[in-house]
Every structure is written in structure tokens, then in C-alpha cells.
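To start, the structure under review is shown below, and the notes come after it.
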Amino acid sequence: MTQKFDVVVIGAGPGGYVAAIKAAQLGLKTACIEKYQDKQGKIALGGTCLNVGCIPSKALLDSSWKYHEAQEGFAVHGIEAKGVTIDVPAMIGRKANIVKNLTGGVSTLFKANGVTLLEGHGKLLAGKQVEVTALDGSTQIVEAANVILASGSKPVDIPPAPVDQDVIVDSTGALEFQSVPKKLGVIGAGVIGLELGSVWSRLGAEVTVIEALDKFLPAADEQIAKEAMKTLTKQGLKIRLGARVTGSEVKKKQVTVTFTDADGEQQMTFDKLIVAVGRRPVTTDLLASDSGVDLDERGFIYVDDQCATSVPGVYAIGDVVRGAMLAHKASEEGVMVAERIAGHKAQMNYDLIPSVIYTHPEIAWVGKTEQQLKGEGVEVNVGTFPFAASGRAMAANDTGGLVKVIADAKTDRVLGVHVIGPSAAELVQQGAIGMEFGTSAEDLGMMVFSHPTLSEALHEAALAVNGGAIHIANRKKR
Ligand code: FAD
Ligand code: AMP
């Protein structure tokens, strides 16, 4: 007999699994379909984020940072660390254990919340029927009052550098190196390229990042992007802007990359090459030709602001739809959709999705950049505070970077918080909380911040907006 559900979710990434749990919590009979197999051939939940994205990359970023600190950051504290070595397979093994714990945790959460897991490939048919093809090839049809498509994304391939997951790898391959490449090339200076480039650079690889655009981190505030370029270059990353890769040749376990920049055609040879040129939505064999669901011109599933597709009762969330390709955006869309299916009037604030790049120092922001606001003709007041003036940052020997708060010159409402510095991701979240409640710079300035904390830099930057910073000379006078 055909199984019937209130909600069927296709994909168990941070969009899909969160949507499924939320729907079940709201009393809806929910199933989630997932096909991703781990190295043992077992279905693993959690999607890109838990298996080959956010979590494994952060595990390696943290391990490699500790190694780097032991090598270069201890002496200043009077700690002598001689003969520090790196066991790459052990580091990769630790990462694998974290992934296993977390993906297993999602299975436990499904059981605890009563979500039915259907293992296999899901395909939306007409009339909100979903075909599930199990790993053994057998199929079943389930019926759903509502369907949530959460099939995520995968790396973009470029013909000049075809991935072989040996010498030329994508982000997934770059999380699995068993030794440190001597020379590493990275195509693309986006979030993923910079994070993975940083991991292997800290472990001793000579890293060159080749980026087609002339501008570094175009989505970030220009002041922050400039600071990031300076810092990452100082750390040893060679970032070649305005350089477009046009070809590559693999020979004897090395790859020679051809690229064109202002000086004409160039070549560089690497031991490994990471292709990190973006991600694209996964819709292969997801929609039957008569499903009625439309794609947009870029191949994403077309949805409105509430993630409804062109078919009533069918929703799509996360990387497979427009907007930032971020796990937290996917999850919150999942919550919004589950709540709307349950009859609540949930909305999501797309203006306040924080962005983070987990380099060291971290780079994070929420809201608009100074350039965006000026472009929109909004008059702004800007306050900045450098970590070099923070007692807590000095104590930690981590004084690079700054906090920048941008407020509307007329209303003082905070419109953007931009940070490069220690724990930038956590600090920006404080700005996001304030902005969600419509904070003014003055409100933030009037709050009591614990001393000594890195958060005080946010406090001081907010005070600086109106010329009232205490621990730095104010550029603007009250
Ligand atoms: P996904 O996580 O891609 O999950 C989709 C799931 O659907 C997959 O498990 C897939 O197997 C399954 N699926 C697809 N089609 C079908 C089908 N037909 N039937 C059954 N199952 C199907 N984001 C952050 O916010 N912070 C970070 O620090 C961060 N770091 C990243 C680092 C790397 C190296 C990468 C690659 C990504 C990173 N991201 C990060 C992005 C983040 O991983 C994605 O934005 C997020 O995973 C999107 O969630 P999703 O649920 O939409 O899709
Ligand atoms: P993101 O989309 O943030 O992951 O960043 C990917 C980056 O890769 C973008 O900044 C692109 O400009 C860059 N990119 C794409 N194709 C090429 C190419 N052929 N050569 C160099 N950089 C590229």
C-alpha cells in the first residue's frame, strides 16, 4: 500500500533535515529521503555541510591553526615547542570522526522526533507523488500533502581544469589529502578556496590562489577586503587577481596550469590543484517532466520569498534555490517552510543572513557594506575599532583586524557590522541580534560589555559611530 505523509522532504542536508525535524515537531507525519553514501557505503545524513563542507573544513582549519600556533605563535608566550610535527592521516582521521558523530546525531534526532528516513533517490512526480529508488534499484511511490525539495548543490566544474580527485581535486578531495603538497594551486579566491588554501598553507604548502576577478572578496566591505588581502598575503598565500585559468595538464603527478592575467599568458606547476570556482544547484533526475516545478534561468528551482515553487504544496529550500549558499540560510528556510505548512505565518529576514570566512583572522559581516549604502544614496556614519587596541586581543596575541559598525546618519540605526579579527563570526552574530531588533549605534554603545572581551571591540566601534569611543582617538567629534 502507498505510504502517505503530510510532508516528504527530499535531501537531508542542513536545509532538509532541519525542515523534517521541525515539521515532525509541529505534529506533521514526515519522511525524509536521502541517498548520500559514506565511504562504508552506508547512507549518511547531514548533506554537504556535515559530510564534505562546513564541519570537516572547520575541523581541518582548527587542527591546522593549532599546528601553526605551535610552530610560530608559542615563542611570544615564552613557550618553547621544538620538534612539532604533523601527522596528516591522524588529522584527517579526527575530522572523519567528527563527521561520523554529527551525521549519526542527525539519525538519532530523526528517531527521537519520529521522522521516517527513506533511503534512496527521491524524484518528484506529478500530483505530489514521490518516487524513491533504493540503493538496490527497487522503487516505491510515496504520497505527500506537501513536498520540500532540499537537494542542495555540488561543485562547479570548469573545462580547463577537469577534476580527477587525485592531482586536480574539488573541495571534497581537498579535505582528504594524506600528506601536505609542496606546491598547491587553488582556482578561485572565494570562501572555499581561501579556507582550504589556508589549511594547507598553515601545514607548510606553498599556496597560490588564482582568481579571475580583479577585485578581492567583492561581496565584503572594501575596507575589510583590503585588510584581508594584506593579512592573508602576509601569512604566505600568494593571491593572483585578474588571472583566469584557461588550461591545465597533468603529468607525472603534477599539474601545470595555464592562466591569463594583465601580463599575458602564464604557467605554474603544482603538486595538487584545488578547483573552488563555486557551486551549482543539484536538480538531476529530481523532477519528472510533468512535475510542474519550474527552474529559473540559472538552473535553480524557482521559488518566491516564502520558498513556494510553481506547484502549490511543493517548496524548495537551501542551495537549490536563489540566495546565499549557506547552511544557516538553508536551515532557516527549512524552519520557515515547515511552519508555513503547519499553518503558521512564518517569514524569514533575508537582509540579516551573516556571512563568514573562517580564515585566521576570521572575516564576517551582516547587513550592508559602506559601498552598497553609499551606492543607494544612504548617508552613513561609520565607527571602527582595531583589535590592536583591545586588551583581550593583546592577551591572546591576536591583534589583527578591526570591527566596523555602519549606521544611518539620520536615524542612527545600525545597517551593517563588518569584522575581520579573532572570533569575528561570533562578534558579527551580536551585531545581527541587535540589528534584528532595530538597534541604533547609541543603543549598542549604552550596553554593558564584559571586560576584558573581544566583544568590547564591537562596543567601541558602535561608540565610535557617534564620536564616543573611549579607548581610541575618535575620527568623528561629537
Ligand atoms: P546539501 O547540504 O547539499 O544537502 C543536500 C542533500 O540532498 C545531500 O545530502 C544529497 O545527497 C541529497 N540529495 C540530493 N538529491 C537527492 C535526491 N534526488 N534524492 C535523495 N537525496 C538527494 N556553509 C556555511 O554556512 N558555513 C560554512 O562554514 C560552510 N563551509 C563550507 C565548506 C565547504 C568545503 C563547502 C563545500 C560548503 C560549505 N558551506 C558552508 C555551504 C553549505 O555546506 C551549504 O550551504 C549547505 O550544505 C546547503 O544545505 P542544503 O541542505 O541546501 O544542501
Ligand atoms: P565562490 O563563488 O565565492 O565560491 O568563488 C569562486 C571564485 O572562482 C569566483 O571569485 C570566480 O571569479 C573564480 N573563478 C571562476 N572561474 C575561474 C577561472 N577559470 N579562473 C580563475 N578564477 C575563476
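The values are calculated or read from the model by the stated rules, or taken from the named source; none is laboratory data. All of these numbers come straight from a predicted model, not from anything done at the bench. Cβ sites come from the backbone with ideal geometry, for glycine too, and all protein chains shown count toward neighbours. Protein only, heavy atoms only, side chains kept; ligands, DNA and RNA dropped before computing areas. Shrake-Rupley method; radii C 1.70, N 1.55, O 1.52, S 1.80 Å.
General observations
- Mean separation of Cα contacts under 8 Å (6+ apart) over length of the chain, as relative contact order %: 14
- Along the axis of the charge dipole computed for region 91-143 (Cβ charges of +1 for Lys and Arg, -1 for Asp and Glu, origin at the Cα centre), the listed residues Gly120, Ile98, Phe110 are led at the positive end by Ile98.
- Check: the chain dipole with +1 on Lys, Arg Cβ and -1 on Asp, Glu Cβ, in debye: 700
- 10 Å binning of all Cα-Cα separations within region 52-110, expressed as whole percents from 0 upward: 20, 39, 25, 13, 4
- Across region 139-147, coupling constants 3J(HN,Hα) worked out from phi with the 6.51/-1.76/1.60 Karplus curve, θ = phi - 60°, read 10, 9, 10, 10, 10, 9, 6, 9, 10 Hz, and Gly and Pro carry x.
- Three-way shape label, region 7-51, alpha-carbon gyration tensor, a/c 1.5: prolate
- Within the accessible area of region 280-328 (1.4 Å probe), percent carbon and sulfur: 49
- Semi-axis lengths, Å, region 168-277, gyration tensor of Cα atoms, sqrt of 5 times eigenvalues: 21, 17, 11
- Proximity of backbone amide H atoms, modeled 1.01 Å from N, is registered between Ile187 and Ile210, Ile274, Val275, Ala276 at under 5 Å, excluding neighbours fewer than 5 places apart on the same chain.
- Applying 0.36 nm per residue to the separation of Ala288 and Asp263 and subtracting their alpha-carbon distance, the gain on full extension is 4.1 nm.
- DSSP bridge pairs, the chain: antiparallel proportion in percent, nearest 5: 60
- Within region 220-248, backbone nitrogen closer than 18 Å to the virtual label 7 Å beyond the Cα of Lys183 toward Cβ: 236-241, 244-248
- For the chain, the solvent-accessible area of protein heavy atoms averages 46 Å² per residue (probe radius 1.4 Å; ligands and nucleic acids excluded).
- Across all directions, the average flat footprint of the convex hull enclosing the Cα atoms of region 241-326 is 8.8 nm².
- A convex hull fitted around the alpha carbon atoms of the chain yields 175 Å³ per residue.
- In order along region 42-47, the phi-based Karplus estimate (6.51 cos²θ - 1.76 cosθ + 1.60, θ = phi - 60°) of 3J(HN,Hα) comes to 8, 5, 10, 8, x, x Hz; Gly and Pro are listed as x.
- Nearest-20 debye value, region 166-219 charge dipole, Cβ charges on Lys, Arg, Asp, Glu: 180
- Scaled against 2.2 N^0.38 Å for its residue count N, the alpha carbon radius of gyration of region 14-100 is 1.58.
- Residues whose amide H lies under 5 Å from that of Ile239, counting only those 5 or more places away or on a different chain, are Val209; hydrogens are built 1.01 Å from N in the peptide plane.
- Split the accessible area of region 168-277 by element, probe 1.4 Å, and carbon with sulfur accounts for 50%.
- Selection among Ala389, Ile79, Trp65 by position relative to the dipole of the chain gives Ile79 as farthest towards the positive end (Cβ unit charges, Cα centre).
- When you count the other C-beta atoms within 10 angstrom of each residue and take the mean per peptide, 363-376, 13-26 line up highest first as 13-26, 363-376.
- Taking a ≥ b ≥ c as the square roots of the eigenvalues of the alpha-carbon gyration tensor, region 361-465 is classed prolate because a/c is 1.5 or more and a/b outweighs b/c.
- Computed from phi, the 3J(HN,Hα) profile of region 369-374 under the Karplus parametrisation 6.51, -1.76, 1.60 (θ = phi - 60°) reads 7, 4, 5, 4, 5, 5 Hz, with x in place of Gly and Pro.
- Contact order, relative form, for region 229-344: 13 percent (alpha carbon pairs under 8 Å, 6 or more residues apart, mean separation divided by residue count).
- Placing a label point 7 Å from the Cα of Gln372 along the Cα-to-Cβ line, the residues of region 295-334 whose backbone N sits under 20 Å from it are 304-307, 318-333.
- Straight-distance candidates among the lysines for linking to Lys230, with alpha-carbon spacing under 27 Å and chain neighbours fewer than 8 residues away dropped: Lys58, Lys66, Lys182, Lys183, Lys215, Lys238, Lys272, Lys368, Lys374, Lys404, Lys476.
- Ranked by the mean number of other Cβ atoms within 10 Å per residue, highest first, peptides 272-285, 217-230, 77-90 order as 272-285, 217-230, 77-90.
- Protein accessible area in region 361-465, 1.4 Å probe - carbon and sulfur %: 52
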